[in-house]
Amino acid sequence: MLTAQEKHQIDHEISLVPTPQNACIEALKIVQQRQGWISDESLKDVAEYVGMSPAELDSVATFYNLIFRKPVGRHVILVCDSITCWVMGYEDIRDHLYNKLNITYGQTTEDGRFTLLPNCCLGTCDCAPTLMIDNDLYRNLTVEQLDEILIKYT
Ligand code: FES
């Protein structure tokens, strides 16, 4: 069930766009902020609130890769695997994370600390390779920097 605060925040988003449906992604983000991911039940609640069917909203949610439809760890690592990062050696970054965290794409560490996901271009190709942890963007990455970066996230 949506909380009063979530409804208030969603109402604000709806007031900024032509129809409630146009605010559906922002509404999902608001709910995801509280519980970390979007369960089937939450999807249904949000769909009802913005006047969409759960199936319609689910198709939007699964298309938008920052809406998580399964539980994720406390921190989500998004590794850019698009062309520039690929040319600049993102595979070394990915492989180091695989080894360090003992997981592959789509998995969460046993302690629930990190979930690792591939992501298309993060929009900072001139500083490739790049990755994002939660809302923090890391650019010009080297394998050597990674361990120090991960320490910041508990
Ligand atoms: S290709 Fe990686 S940031 Fe654009």
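The values are calculated or read from the model by the stated rules, or taken from the named source; none is laboratory data. Values in this document were obtained by computation on a predicted structure and should not be read as measured data. Ideal geometry is used to build each Cβ from the backbone, glycine not excepted, and the neighbour counts take in all protein chains shown. With ligands, DNA and RNA removed, areas are computed over all heavy atoms of the protein, side chains included. Shrake-Rupley method; radii C 1.70, N 1.55, O 1.52, S 1.80 Å.
Quick rundown of the values:
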quantity	calculated
Karplus-derived 3J(HN,Hα), 6.51/-1.76/1.60, for each residue of the stretch 118-134, Hz, glycine and proline x	x, 8, 6, 2, 8, x, 9, 4, 5, 10, 5, x, 10, 8, 10, 10, 6
Kirkwood hydrodynamic radius over Cα pairs of the chain, then Stokes diffusion coefficient at 10 °C and 1.306 mPa s, in µm²/s	95 µm²/s
Positive-end extreme of charge dipole, the chain - chosen from Cys80, Pro20, Tyr138 (charges on Cβ)	Pro20
Net charge of Cβ neighbours under 13 Å - reference Gln21; Lys, Arg +1; Asp, Glu -1	-4
In nm, spacing of pseudo-spin labels at Glu144 and Asn99 (7 Å Cα→C-beta vector)	1.6 nm
Percentage relative contact order, the stretch 1-135, counting C-alpha pairs under 8 Å, at least six apart	22 percent
Euclidean distance of C-alpha centroids, the stretch 1-27 and the stretch 100-119, integer Å	31 Å
Phi-based couplings in Hz for the stretch 87-103 (Karplus 6.51, -1.76, 1.60; Gly and Pro marked x)	4, 8, x, 4, 4, 5, 5, 4, 5, 5, 5, 3, 6, 5, 9, 6, 9
Average accessible area per residue (Å²) across the chain - probe 1.4 Å, nucleic acids and ligands excluded	58 Å²
Across the chain: Cys residues that no other cysteine approaches within a C-beta distance under 4.7 Å	Cys24, Cys120, Cys121, Cys125, Cys127
Cross-link partners of Lys100 among lysines (Cα-Cα below 28 Å; sequence separation of 8 or more within a chain)	Lys70, Lys152
Fluctuation leader among Leu101, Leu137, Leu116 - the chain, Gaussian network, Cα springs under 10 angstrom	Leu137
Area accessible to solvent at Tyr153, 1.4 Å probe radius, in Å²	20 Å²
Ratio Rg/Rh, restricted to the stretch 4-63 and using Cα atoms, in which Rh is the Kirkwood radius	0.92
Fraction of accessible area attributable to carbon and sulfur, the chain (%, probe 1.4 Å)	52 percent
